[in-house]
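The values are calculated or read from the model by the stated rules, or taken from the named source; none is laboratory data. The shown structure was predicted, so the numbers you read here are calculated from the model rather than taken from an experiment. Glycine also receives a Cβ, built like all others from the backbone with ideal geometry; neighbour counts cover every protein chain displayed.
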C-alpha cells in the first residue's frame with residue numbers, strides 16, 4: 001500500500017485531526033513502515049497453519065505463559081497526594097467532565 005501525503009490528509013480529515021506539515025510527514029513515514037511490515041507478513045507461507053481461535057490458558061505450570069506474583073507493596077497513596085495532581089477535585093473525589101447526557 002502506498003502511503004502518501006494525500007492519504008495522511010484524508011485520514012486526518014476523517015478523524016477530525018489537524019497536523020502540521022512536519023507531523024504529517026512523520027505520520028506518513030510511520031504508516032509507511034507499518035504497511036511495510038504487513039506486506040512482509042503477507043509474504044509468509046501460512047498454508048499449513050490453523051487459525052488461532054482463542055488464546056491458550058495462562059497457568060503457573062506453563063513456563064511460556066507464567067504469571068508474575070502480584071505484589072502491590074505496603075505503601076498507599078494518601079488522598080491528598082492523589083488529588084494534588086488532579087486537574088479538578090472536590091475532596092475526597094476527582095471531578096471529571098460529564099460525558100453522558102439524559
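Data overview
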{"read-out": "Counted residues, region 68-95 - those being loosely packed, with under 10 Cβ neighbours inside 10 Å and out of contact with any helix residue (DSSP H, G or I) (no Cβ under 7 Å at 6 or more places or on another chain)", "value": "15"}
{"read-out": "Any hit, region 56-65, residues being modelled with pLDDT under 85, under 23 Å from the mean Cα position of the chain (by Cα) and surrounded by 10 or more Cβ atoms within 10 Å (Cβ to Cβ)", "value": "yes"}
